[in-house]
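What follows is one structure encoded as structure tokens, with my remarks underneath.
The values are calculated or read from the model by the stated rules, or taken from the named source; none is laboratory data. Here the structure is a predicted model, which is why all the values come from computation and not from measurement. Cβ placement follows ideal geometry from the backbone for every residue including glycine, while neighbour counts extend to all protein chains displayed.
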Amino acid sequence: MGIGFYDLQATVRAGQRCSAAKAYLAPNDHKENLDIVSGAFVKKIVIDNLQAKGVVFDFEGQTREVRAFKEVILSAGSVNTAQLLMLSGIGPRQELEKHNIHVKADLPVGKNMQDHWAAMYGFELSEDITPLAKKQVNQSSIMDYISTKTGPLTSVQGVAVMAFLDRNDPNGTNEYPDYQLYFWEGATGPPEKQLRMKPEYFEAIYGPYKDKPFYWCLSQILHPKSEGEVTLRSSDPYDPPIIDPKYFSNPDDMEVIVAGLKKCKEFGQSEALRNIGSKPFTTVYPGCEDVVNDDDKYFRCMARSIIITLNHQTGTARMGNPQDPNTVVDPKLRVKTIRNLRVVDASVMPSIPGGNTNVPTMMVAEKASDIIKESIQCESDTVVQE
């Protein structure tokens, strides 16, 4: 993928979002060798003599243990995979000992956390613009959706187009974009619930526009240099882990976000968008009043005031050379030092992809299935001839 504007792509089937569970799990839930337990809460991995033996979990008010004949495969996501590994004694020695957890493998679990995050710039539109939310919910669009799974109700969160751009390449010749812009209509749902920001901030910035047509331009960093971490709050599995993304700990990330916000302003004041009444909000971010007339300083203040995560956390169980002290799993996704334990999710990514992590995570799983089948002979791989 290079520099430029793109139609939004999503995993859609018959006009509906299609998750990995719908695409992979649901079609196979009838198989005898697959048991799906929903509502279970995994507490730790059972490790004996540096070998994964099974998992302990709570289900319907009881603590249970299930044993693995071959391997335990951990796919809990970048946050909970890190938490479960540490609760099981796999992680940084200092972190585990702080919570009185016996260290079974001293590995940098929870480190190297990378994420995509964004700052947003609001623009109002002409009063005669019909918001997508109103277009979506009417008799015609409902009938289109019911009969042919087409029409406005099949749109993805009100986002129709996005851009991948490079702050140092105004001509668009670089194939390695460093920020992404989303143009997102602000009336696809209650904006105060969408943004999840403090009420006083919401009222100050968006209050005057919440009943009017408007849109956001989101400036999202694609290749952040800042690295966060996941650590334990306690040794209690029910205590949520501490997630410290450390946004802007590397100052270069701020320069990327600001470049994107400047581009948002440029697009928002273009002739094409001015023709439909596009103009920046006149409201000012609280605490940024003194720099409102200086774009560089104001955009920095905006970014420090409100950042939203795209929930693309990766890298907390980094894959790489087993001899590298910064890695947790080897190229075959096996946890170092511990036998019969693999990690298969976004936590193994050494560096965050330059786009949404959904499809890359499914690619990790596809590759993992091939690796596992190569190392463990499955009955389904054996052809019996009469």
Any chance Asp58 is modelled with pLDDT of 95 or more and over 29 Å from the mean Cα position of the chain (by Cα): no
Quick check on segment 285-296. Is at least one of its residues assigned to a helix (DSSP H, G or I), small (Gly, Ala, Ser) and under 19 Å from Tyr201 (Cβ atoms)? no
Filtered residues of segment 286-327 (kept if in contact (Cβ under 8 Å) with a residue 12 or more places away in the chain and β-branched (Val, Ile, Thr)): Ile306, Ile307, Ile308, Thr309, Thr314, Thr316, Thr327
Just to be sure I understand, how many residues within segment 66-109 are closer than 20 Å to Asn33 by Cβ and either in contact with a strand residue (DSSP E or B) (Cβ under 9 Å, 6 or more places away or on another chain) or assigned to a strand (DSSP E or B) (or both)? 8
From the list Asn80, Asn112, Asn100, which residue is loosely packed, with under 12 Cβ neighbours inside 10 Å, more than 30 Å from Phe202 (Cα to Cα) and modelled with pLDDT of 95 or more? Asn100
Would you confirm whether or not segment 316-326 contains a residue that is among the hydrophobic types (A, V, I, L, M, F, W, C), under 27 Å from Thr231 (Cβ atoms), out of contact with any Phe, Trp or Tyr (no Cβ under 7 Å at 6 or more places or on another chain) and surrounded by 12 or more Cβ atoms within 10 Å (Cβ to Cβ)? yes
Are any of the residues in segment 245-261 of a type outside the set (Phe, Trp, Tyr) and either part of a strand (DSSP E or B) or modelled with pLDDT under 95 (or both)? no
Checking the conditions here, which among Ala160, Ala187 is crowded, with 20+ Cβ neighbours inside 10 Å, at negative phi and at pLDDT below 80? Ala187
Go through (1) at pLDDT 95 or above; (2) of a type in the set (Phe, Trp, Tyr); (3) over 17 Å from the mean Cα position of the chain (by Cα) one by one and return the number of the condition Trp117 breaks. (3)
Return a yes/no flag: does segment 327-345 have any residue that is among the polar types (S, T, N, Q), closer than 18 Å to Val364 by Cα and crowded, with 22+ Cβ neighbours inside 10 Å. no
Hey, Arg17 touching a residue at least 24 places away in the same chain (Cβ under 8 Å) and surrounded by fewer than 13 Cβ atoms within 10 Å (Cβ to Cβ) or not: yes
Just name the residue that is farthest from Gln114 (Cα to Cα) out of those in segment 35-94 that are in contact with a Gly (Cβ under 9 Å, 6 or more places away or on another chain) and among the basic types (Lys, Arg). Arg67
Would you say Tyr298 is aromatic (Phe, Trp, Tyr), out of contact with any His (no Cβ under 8 Å at 6 or more places or on another chain), surrounded by 19 or more Cβ atoms within 10 Å (Cβ to Cβ) and at pLDDT below 95? no
With the checklist (1) within 23 Å of Ser219 (Cα to Cα); (2) over 21 Å from the mean Cα position of the chain (by Cα); (3) surrounded by 14 or more Cβ atoms within 10 Å (Cβ to Cβ) in hand, flag the one item Asn293 doesn't pass. (3)
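When you check Ala272 against the structure, is it more than 21 Å from the chain's Cα centre (by Cα), buried (at least 18 other Cβ atoms within 10 Å of the Cβ) and assigned to a helix (DSSP H, G or I), yes or no?
Answer is no for this residue.
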